[in-house]
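Reading through the C-alpha coordinates given below for one structure.
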Amino acid sequence: TMTHKTFVIDTNVLLHDPKALMQFPRHHVLIPVAVLEELDKMKRLPNELGKNARETIRLLDSLKTVGTGNLHTGVKLDNGAVVRVQ
(Lines give C-alpha, C1' and ligand atoms only; values in the text may rest on other atoms or scores of the structure.)
Protein backbone atom coordinates (compact mmCIF):
# COMPACT_ATOMS: atom_id res chain seq x y z
CA THR A 1 0.00 0.00 0.00
CA MET A 2 1.13 3.52 -0.65
CA THR A 3 1.60 5.84 2.27
CA HIS A 4 0.22 9.36 2.05
CA LYS A 5 2.67 12.17 2.58
CA THR A 6 1.57 15.53 3.89
CA PHE A 7 2.91 18.58 2.08
CA VAL A 8 2.63 21.93 3.87
CA ILE A 9 2.43 24.64 1.23
CA ASP A 10 4.11 27.97 1.91
CA THR A 11 2.93 31.33 0.56
CA ASN A 12 6.01 31.62 -1.69
CA VAL A 13 5.17 28.35 -3.43
CA LEU A 14 1.69 29.59 -4.32
CA LEU A 15 2.93 33.02 -5.38
CA HIS A 16 5.39 31.32 -7.73
CA ASP A 17 2.89 28.73 -9.05
CA PRO A 18 -0.81 29.16 -8.20
CA LYS A 19 -1.52 25.65 -9.51
CA ALA A 20 1.02 24.07 -7.15
CA LEU A 21 -1.87 22.71 -5.05
CA MET A 22 -2.72 20.31 -7.86
CA GLN A 23 0.83 18.90 -8.16
CA PHE A 24 0.60 16.37 -5.32
CA PRO A 25 -1.55 13.48 -6.56
CA ARG A 26 -2.59 10.94 -3.91
CA HIS A 27 -1.09 13.02 -1.08
CA HIS A 28 -2.35 15.42 1.57
CA VAL A 29 -1.81 19.13 0.95
CA LEU A 30 -2.01 21.39 3.98
CA ILE A 31 -2.35 25.17 3.76
CA PRO A 32 -1.78 27.08 7.01
CA VAL A 33 -4.31 29.85 7.70
CA ALA A 34 -1.40 32.33 7.80
CA VAL A 35 -0.80 31.59 4.09
CA LEU A 36 -4.39 32.64 3.28
CA GLU A 37 -3.90 35.86 5.24
CA GLU A 38 -0.67 36.61 3.35
CA LEU A 39 -2.33 35.88 -0.01
CA ASP A 40 -5.16 38.21 0.94
CA LYS A 41 -2.67 41.04 1.55
CA MET A 42 -0.70 40.31 -1.63
CA LYS A 43 -3.72 40.15 -3.97
CA ARG A 44 -3.84 43.95 -4.21
CA LEU A 45 -0.35 44.22 -5.71
CA PRO A 46 -0.36 45.37 -9.36
CA ASN A 47 2.31 42.87 -10.40
CA GLU A 48 2.83 39.17 -11.07
CA LEU A 49 2.72 38.34 -7.34
CA GLY A 50 -0.65 40.05 -6.97
CA LYS A 51 -1.97 38.23 -10.05
CA ASN A 52 -0.78 34.86 -8.71
CA ALA A 53 -2.24 35.59 -5.27
CA ARG A 54 -5.63 36.32 -6.88
CA GLU A 55 -5.42 33.18 -9.01
CA THR A 56 -4.59 31.04 -5.97
CA ILE A 57 -7.54 32.49 -4.03
CA ARG A 58 -9.88 31.77 -6.96
CA LEU A 59 -8.53 28.22 -7.21
CA LEU A 60 -9.07 27.61 -3.50
CA ASP A 61 -12.57 29.04 -3.78
CA SER A 62 -13.34 26.73 -6.72
CA LEU A 63 -12.33 23.64 -4.72
CA LYS A 64 -15.66 23.89 -2.92
CA THR A 65 -17.36 22.79 -6.15
CA VAL A 66 -14.57 20.66 -7.67
CA GLY A 67 -13.98 18.03 -5.01
CA THR A 68 -15.87 16.41 -2.19
CA GLY A 69 -15.69 17.74 1.36
CA ASN A 70 -14.68 21.20 2.53
CA LEU A 71 -11.42 23.03 3.14
CA HIS A 72 -11.62 22.51 6.92
CA THR A 73 -11.94 18.73 6.85
CA GLY A 74 -10.26 18.29 3.48
CA VAL A 75 -11.36 18.42 -0.16
CA LYS A 76 -10.64 15.22 -2.07
CA LEU A 77 -9.61 16.04 -5.64
CA ASP A 78 -9.89 13.92 -8.78
CA ASN A 79 -6.15 13.16 -8.63
CA GLY A 80 -6.60 11.60 -5.17
CA ALA A 81 -5.03 14.50 -3.30
CA VAL A 82 -6.70 15.94 -0.21
CA VAL A 83 -6.39 19.73 0.24
CA ARG A 84 -7.05 21.19 3.69
CA VAL A 85 -6.66 24.53 5.44
CA GLN A 86 -5.47 24.41 9.04
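The values are calculated or read from the model by the stated rules, or taken from the named source; none is laboratory data. Worth saying up front: this structure is predicted, and the values here are computed from it rather than measured. Reconstructed Cβ throughout: ideal geometry from the backbone, glycine too, with neighbour counts over all protein chains shown. Just so you know, the surface numbers come from the protein's heavy atoms only, side chains and all, with ligands and any DNA or RNA stripped out. Shrake-Rupley method; radii C 1.70, N 1.55, O 1.52, S 1.80 Å.
Which whole-Hz couplings ³J(HN,Hα) result when phi for each residue of segment 9-24 is put into the Karplus expression 6.51 cos²θ - 1.76 cosθ + 1.60, θ = phi - 60°, listed in order with x for Gly and Pro?
These are the phi-based 3J(HN,Hα) values: 9, 8, 4, 4, 4, 6, 6, 7, 9, x, 8, 4, 4, 8, 8, 10 Hz.
Tell me the per residue accessible area of the chain using a 1.4 Å probe; a whole number in Å² is fine.
Heavy-atom accessible area per residue stands at 63 Å².
On a 0 to 90° scale, report how tilted helix 33-42 is relative to the longest principal axis of the chain, with both axes built from alpha carbons and the result rounded to the nearest 10.
For helix 33-42, the angle is close to 30 degrees.
When only DSSP loop residues count, what trypsin sites (Lys or Arg not before Pro) in segment 23-81 have their Cβ near at most 12 other Cβ atoms within 10 Å?
When the trypsin sites (Lys or Arg not before Pro) of segment 23-81 are filtered for loop state and at most 12 Cβ neighbours within 10 Å, Arg44 remain.
In whole Hz, with x marking every Gly and Pro, tabulate ³J(HN,Hα) for segment 56-66 from phi via Karplus 6.51 cos²θ - 1.76 cosθ + 1.60, θ = phi - 60°.
So the Karplus estimates, Gly and Pro as x, are 5, 4, 4, 4, 4, 4, 6, 4, 4, 9, 7 Hz.
I need the fraction of alpha carbon pairs in the chain separated by more than 14 Å, rounded to a whole percent.
Cα-Cα pairs in the chain separated by more than 14 Å: 60 percent.
Phe7's amide H: which non-local residues (gap 5+, or another chain) put their own amide H closer than 5 Å, with H modeled 1.01 Å from N in plane and none for Pro or chain starts?
Amide H to amide H, under 5 Å and 5 or more residues apart or across chains, Phe7 pairs with His28, Val29, Leu30.
In whole percent, and with a 1.4 Å probe on the protein chains, what portion of the accessible area of the chain is carbon and sulfur?
It is 56 percent, rounded to a whole number.
To the nearest 20 debye, what charge dipole does the chain have about its Cα centre, counting +1 at the Cβ of each Lys and Arg and -1 at the Cβ of each Asp and Glu?
160
Once both labels are modelled 7 Å past Cα along the beta-carbon direction, what's the Leu30-Val8 spacing in nm?
0.6
Which whole-number percentage describes the relative contact order of the chain, with Cα contacts under 8 Å and a sequence gap of 6 or more?
32
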